[in-house]
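Colleague: Please read through the structure below; I'll follow up with questions.
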Amino acid sequence: MDHGGCRLKVKVEDGRITEIKGDREGYLNSGYSCHKARAMAEVHESTHRLKTPLIRTGKRGAGQWRDASWQEALDMIAFGLDKVRKRDGAKSVAFCQGMPKGLEHFALIRLANTFGSPNLVAVQDVCHAPRELTGRHICGFYPVADVHSRSDLIVLWGSNSRVTNEEGIINSQILARIKEGAELMVIDPRKTSLAARAGFHLPLRPGTDCALALAFLNVIITEKLFDQAFVANWTEGFEALAEHVKNFDPQWAAGVTGVGPGLIARAARAYAGAQPACMAWGNAVEQTPAAFDTIRCMISLMAICGNLDVPGGNIRAAEPKLLPPGKFVRADLVPEKRLEYLNAFYETSPKLMTVPPAFFRRAVIDETPYPVRAAYMQCTNPMLSYADSRMTQKALLKLEFFAVSDIVMTPTAALADVVLPAASQFEFDDIGHYGLGHGIILARPKIVEPPGRCLPDMAIINELGRRLAGTELWFDSHGQMIEALLAPSGHNWESFVQQGYLAGQKAFRQYEKKGFSTPSGKVELALSINSLPGATVLPQYVRPEHETDDEFPLLLTSAKSPNYLHSSYRWVQSLRRREPLPIAQIHPDTAESLGIEAGQEVWIKTRYAKILQTVDVTENIQPGVVCAVHGWWFPEIGAHRLQSWQKSNLNMITSADILGREFCTPVLRGIACSLSPLENP
């Protein structure tokens, strides 16, 4: 299942999907569709699909299973989780989610809350939460790029919207704004297709975004290019910030980022001069321990240039009238969550309500601050997606009990005690984009029956909830969840599907009536005391703990594939033909200096381990940078075999040793590495 957002026309004949194409009436995509969407018929019919519940019969990871009925499998999961709850307490059970796709994420939070566990483990430490929560700390809301209104300038910062969907920002909207005259600025180590057509491309070194943002602030404040009225009336701490950024001029930033000082200054002036400008930011800015300081600098730029909460800038998106997420998930049942969940021990941002993977694994392996002994997982493949895959394997093998719901057997599911066959998109009714802060929800109606005995995750969770928390807290059917959520809007499911989407009523400059939702009532360029305990008042640039040296002279980063979703779909034949191998990009100068040729398998080595990927030599990346592919495994080898996930998996060579304080973010960008050819392919 994907984030989605693209409205599609799907033709079904005799229960089979025969055609998929983009719908020109789509609110987000305007007719666009990607390769993944057009391959969903293959997903539906794939022989790789799990089609019946499985119970482990041999040693964990041996690939030995027997078929089970749904009643037996669900009863076994309920027994395994309840056994730990009765002995060690509900907080010793974790509920784990990958990238949220639809309502299943919120249904799982409800399951954790009704079960009594404060520990909902998710990947928000590297995805979405740093941007959303930093926004709530600095300006009181999540500043979403308004790509539906006219802009003078669109900044894509660590976002490649041509091939990835940034939670509601799809490339068709950006292209429409460019046709209207908007200029484009791309900040990315790679020369993407959008960077090639941009007026400004700043190819910074991976992991140095904070330094670049500080230099932008330096130029704009020093040259008095900021919106003086907004700064005077609606910001707190401007004088302190102005004094602070004097040390971070373009010449300094050039030495850190590799971007020329002249280009930094011109780009900063262009952003300040655009009326308005919007900044679309991607996961790349969230994937270092410096995420909080990087993003607060970016929000400060939006603020001082008058681009907050204005059409075509970064706005506070109003949600449609729906059941609020807190009520949907029954947050009232865990009133002491902030005191009891694993994060409390580490003093992360109190607004971070999901548990980062590093904390979950420490609680399993080291039993710190208390033991976690059982887990239920859905829509997630931690063996590929969590930093430090060996640590993940160790944690999963130590769990007393854990179960997984997925659409195929994955390296994570291969280690479980019970595996459940989930329905995929097009096979159940669902709602997209609920709770993401973009002000829209999208209808996803069921159009075909799921294969075999597959069930939607919402149905599975509802059944587990009835077993573990009682029927009074759950529904007669999972469809009632959707009706309950929609009720405040005045729609039922059928009328919502006919409309296609619901959007909140647009309103701009809301701060003029009620201020900003911060302790000071203003944008906090300098944090109020106790706004975020342990954080510095002003944003800092901290040099990486492990820098390049003679042994590890290159910088490692990664990029999402246009053909796959994280670790998904490498078993889909049409997509695998498009991208058959794990590809790492390097510049011709890098290749020549190392004696490496295009198409060679190479060892990518960091201080932690090494993996094999195949080299693509291209001028679309900076010298000295290696852009590896993320999420790669080999389903054809067998999910239970170590080689399937160890050989080329990027997270074999990442680490969870160094973490950001605010969101527990590990280092996934700007990792010192080396390359060497595989001598005997």
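The values are calculated or read from the model by the stated rules, or taken from the named source; none is laboratory data. Owing to the predicted nature of the structure, the values given are computational and were not obtained by experimental measurement. Positions of Cβ are backbone-derived with ideal geometry, glycine not excepted, and every protein chain shown enters the neighbour counts.
Colleague: Has the range 385-403 got any residue that is over 22 Å from Asp88 (Cβ atoms) and either β-branched (Val, Ile, Thr) or in a strand (DSSP E or B) (or both)?
Modeller: Scanning the range 385-403 turns up no residue that is over 22 Å from Asp88 (Cβ atoms) and either β-branched (Val, Ile, Thr) or in a strand (DSSP E or B) (or both).
Colleague: So, one more: Can you find even one residue in the range 15-28 that is crowded, with 21+ Cβ neighbours inside 10 Å, more than 30 Å from Pro335 (Cα to Cα) and not assigned by TED's automatic domain parsing to the domain that holds Ser405?
Modeller: First, pick out the residues of the range 15-28 that are crowded, with 21+ Cβ neighbours inside 10 Å: 26, 28.
Filter once more, keeping what is more than 30 Å from Pro335 (Cα to Cα): 26, 28.
In the following step, the residues that additionally are not assigned by TED's automatic domain parsing to the domain that holds Ser405 were identified as 26, 28.
Yes: one or more hits.
Colleague: Mind listing whichever residues of the range 145-166 are at pLDDT below 90 and within 23 Å of Cys305 (Cβ to Cβ)?
Modeller: Ser161, Glu166 - these are the residues of the range 145-166 that are at pLDDT below 90 and within 23 Å of Cys305 (Cβ to Cβ).
Colleague: Say we look at the range 598-646 and pick out the residues that are surrounded by fewer than 17 Cβ atoms within 10 Å (Cβ to Cβ) and among the small types (Gly, Ala, Ser); which of these is nearest to Arg577 (Cα to Cα)?
Modeller: This residue is Gly599.
Colleague: Of these, Asp550, Asp589, which one is out of contact with any helix residue (DSSP H, G or I) (no Cβ under 7 Å at 6 or more places or on another chain), assigned to a loop (DSSP other than H, G, I, E, B) and modelled with pLDDT of 95 or more? Even if it seems obvious, please write down each step before you answer.
Modeller: Details: Asp589 fails: assigned to a loop (DSSP other than H, G, I, E, B).
Being out of contact with any helix residue (DSSP H, G or I) (no Cβ under 7 Å at 6 or more places or on another chain), assigned to a loop (DSSP other than H, G, I, E, B) and modelled with pLDDT of 95 or more holds for just one of Asp550, Asp589, which is Asp550.
Colleague: Considering only residues that are out of contact with any strand residue (DSSP E or B) (no Cβ under 9 Å at 6 or more places or on another chain) and of a type outside the set (A, V, I, L, M, F, W, C), which ones fall in the range 479-491?
Modeller: Within the range 479-491, Gly479, Gln480, Glu483, Pro488, Gly490 qualify.
Colleague: Inspect all residues belonging to the range 465-486 and state whether any of them is in contact with a Cys (Cβ under 8 Å, 6 or more places away or on another chain) and in contact (Cβ under 8 Å) with a residue 60 or more places away in the chain. Let's see the steps before the verdict.
Modeller: Taking the range 465-486 as the starting set, the residues that turn out to be in contact with a Cys (Cβ under 8 Å, 6 or more places away or on another chain) are none.
No, that holds for no residue.
Colleague: While we're here: Suppose we filter the range 440-481 for residues that are assigned to a loop (DSSP other than H, G, I, E, B) and more than 25 Å from Asn113 (Cα to Cα); how many remain?
Modeller: Quick first cut of the range 440-481, residues assigned to a loop (DSSP other than H, G, I, E, B) only: 445-454, 456, 469-470, 474-478.
Add one more test, that the residue is more than 25 Å from Asn113 (Cα to Cα), and what stays is 445-454.
Result for the range 440-481: 10.
Colleague: Can you find, within the range 651-664, the residue that is farthest from Val355 (Cα to Cα) among those that are touching a Phe, Trp or Tyr at 6+ places or on another chain (Cβ under 7 Å) and among the hydrophobic types (A, V, I, L, M, F, W, C)?
Modeller: Among residues in the range 651-664 that are touching a Phe, Trp or Tyr at 6+ places or on another chain (Cβ under 7 Å) and among the hydrophobic types (A, V, I, L, M, F, W, C), the one farthest from Val355 (Cα to Cα) is Ile653.
Colleague: Now for a separate question. Scan the range 212-233 and tell me whether some residue there is in the same structural domain as Thr164 (by TED's automatic domain parsing), outside any helix (DSSP H, G or I) and within 21 Å of Pro544 (Cβ to Cβ). Spell out the reasoning first.
Modeller: First, pick out the residues of the range 212-233 that are in the same structural domain as Thr164 (by TED's automatic domain parsing): 212-233.
So of that shortlist, the ones also outside any helix (DSSP H, G or I) come out as 223-227.
From what is left, the residues that are within 21 Å of Pro544 (Cβ to Cβ) are none.
No.
Colleague: From Ala414, Ala375, which residue is over 24 Å from Gln287 (Cα atoms), in a helix (DSSP H, G or I) and of a type outside the set (S, T, N, Q)?
Modeller: So the residue among Ala414, Ala375 that is over 24 Å from Gln287 (Cα atoms), in a helix (DSSP H, G or I) and of a type outside the set (S, T, N, Q) is Ala414.
Colleague: Please go through (1) of a type outside the set (A, V, I, L, M, F, W, C); (2) touching an Asp or Glu at 6+ places or on another chain (Cβ under 9 Å); (3) farther than 15 Å from Tyr376 by Cα for Glu104 and return the number of the only condition it doesn't satisfy.
Modeller: Among (1) of a type outside the set (A, V, I, L, M, F, W, C); (2) touching an Asp or Glu at 6+ places or on another chain (Cβ under 9 Å); (3) farther than 15 Å from Tyr376 by Cα, Glu104 violates only (3).
Colleague: Would you check which residues across the range 502-546 are loosely packed, with under 14 Cβ neighbours inside 10 Å, acidic (Asp, Glu) and either in contact with a Gly (Cβ under 9 Å, 6 or more places away or on another chain) or not in a loop (DSSP other than H, G, I, E, B) (or both) and list them?
Modeller: Within the range 502-546, Glu512 is the sole residue that qualifies.
Colleague: If I filter the range 234-273 down to residues being part of a loop (DSSP other than H, G, I, E, B) and in contact with a Leu (Cβ under 7 Å, 6 or more places away or on another chain), which single residue comes out as farthest from Gly312 (Cα to Cα)?
Modeller: Here is the first cut: in the range 234-273, the residues part of a loop (DSSP other than H, G, I, E, B) are 237, 248-249, 258-260.
Checking which are in contact with a Leu (Cβ under 7 Å, 6 or more places away or on another chain) leaves us with 237, 248, 258-259.
On the way: Gly237: 26, Phe248: 29, Gly258: 30, Val259: 27 Å.
Filtering the range 234-273 for residues that are part of a loop (DSSP other than H, G, I, E, B) and in contact with a Leu (Cβ under 7 Å, 6 or more places away or on another chain), the one farthest from Gly312 (Cα to Cα) comes out as Gly258.
Colleague: Okay, next question. Kindly list, by first and then second residue, each pair from a residue in the range 252-275 that is over 16 Å from Val155 (Cα atoms) to a residue that is of a type in the set (Ser, Thr, Tyr), limited to pairs with Cβ atoms under 6 Å and residues at least 6 apart or on different chains.
Modeller: Val256/Thr208; Thr257/Thr208
Colleague: Right, next: Mind counting the residues in the range 631-649 that are within 13 Å of Asn381 (Cβ to Cβ), hydrophobic (A, V, I, L, M, F, W, C) and in contact with a Gly (Cβ under 9 Å, 6 or more places away or on another chain)?
Modeller: We begin by selecting, within the range 631-649, every residue within 13 Å of Asn381 (Cβ to Cβ); these are 631-633, 635, 639, 644-645, 649.
Filter again for hydrophobic (A, V, I, L, M, F, W, C), leaving 632-633, 639, 645.
Applying the additional criterion that residues be in contact with a Gly (Cβ under 9 Å, 6 or more places away or on another chain) yields 639.
Counting residues in the range 631-649 that are within 13 Å of Asn381 (Cβ to Cβ), hydrophobic (A, V, I, L, M, F, W, C) and in contact with a Gly (Cβ under 9 Å, 6 or more places away or on another chain) gives 1.
Colleague: Could you list all residues from the range 38-73 that are buried (at least 16 other Cβ atoms within 10 Å of the Cβ), closer than 15 Å to Ala403 by Cα and among the polar types (S, T, N, Q)?
Modeller: Across the range 38-73, the qualifying residue is only Thr52.
Colleague: Look at Ala303 and say whether it is in the same structural domain as Arg269 (by TED's automatic domain parsing), under 30 Å from Glu367 (Cβ atoms) and at pLDDT 95 or above.
Modeller: Numbers: in the same structural domain as Arg269 (by TED's automatic domain parsing): yes; under 30 Å from Glu367 (Cβ atoms): no; at pLDDT 95 or above: yes.
So Ala303 fails the test.
Colleague: Taking the residues in the range 278-311 that are more than 24 Å from the chain's Cα centre (by Cα) and in contact (Cβ under 8 Å) with a residue 40 or more places away in the chain as candidates, determine which candidate is nearest to Asp657 (Cα to Cα).
Modeller: Step one: filter the range 278-311 for residues more than 24 Å from the chain's Cα centre (by Cα), giving 303-307, 310-311.
If we keep only those that are in contact (Cβ under 8 Å) with a residue 40 or more places away in the chain too, we end up with 303-306, 310-311.
Working: Ala303: 34, Ile304: 36, Cys305: 37, Gly306: 39, Val310: 40, Pro311: 42 Å.
Among residues in the range 278-311 that are more than 24 Å from the chain's Cα centre (by Cα) and in contact (Cβ under 8 Å) with a residue 40 or more places away in the chain, the one nearest to Asp657 (Cα to Cα) is Ala303.
Colleague: Filter the range 242-252 down to the residues that are touching a Pro at 6+ places or on another chain (Cβ under 7 Å) and either surrounded by 17 or more Cβ atoms within 10 Å (Cβ to Cβ) or among the hydroxyl-bearing types (Ser, Thr, Tyr) (or both) and list them by number.
Modeller: Quick first cut of the range 242-252, residues touching a Pro at 6+ places or on another chain (Cβ under 7 Å) only: 250-251.
Hit for the range 242-252 is Pro250, nothing else.
Colleague: Mind listing just one residue for me: the one in the range 18-73 that is among the hydroxyl-bearing types (Ser, Thr, Tyr) and in contact with a helix residue (DSSP H, G or I) (Cβ under 8 Å, 6 or more places away or on another chain) and, of those, nearest to Val419 (Cα to Cα)? Break it down into steps so the answer makes sense when it comes.
Modeller: From the range 18-73, those among the hydroxyl-bearing types (Ser, Thr, Tyr) are 18, 27, 30, 32-33, 46-47, 52, 57, 69; that's our starting set.
In the following step, the residues that additionally are in contact with a helix residue (DSSP H, G or I) (Cβ under 8 Å, 6 or more places away or on another chain) were identified as 18, 30, 32.
On the way: Thr18: 30, Ser30: 38, Tyr32: 35 Å.
My answer is Thr18.
Colleague: For a quick check of your reading: which helices (runs of 4 or more DSSP H) sit entirely within the range 289-370 and have at least 3 residues that are buried (at least 24 other Cβ atoms within 10 Å of the Cβ)?
Modeller: In the range 289-370, the matching helices (runs of 4 or more DSSP H) lie at 291-304, 357-365.
Colleague: Anything in the range 179-211 that is more than 22 Å from Gly306 (Cβ to Cβ) and either among the β-branched types (Val, Ile, Thr) or not assigned by TED's automatic domain parsing to the domain that holds Leu263 (or both)? List them, or say none.
Modeller: Answer for the range 179-211, where residues must be more than 22 Å from Gly306 (Cβ to Cβ) and either among the β-branched types (Val, Ile, Thr) or not assigned by TED's automatic domain parsing to the domain that holds Leu263 (or both): Val186, Thr192, Thr208.
Colleague: Do the conditions hold for Ala176, that is, is it assigned to a helix (DSSP H, G or I), more than 23 Å from Val537 (Cβ to Cβ) and in contact (Cβ under 8 Å) with a residue 60 or more places away in the chain?
Modeller: Numbers: assigned to a helix (DSSP H, G or I): yes; more than 23 Å from Val537 (Cβ to Cβ): yes; in contact (Cβ under 8 Å) with a residue 60 or more places away in the chain: yes.
Criteria met by Ala176.
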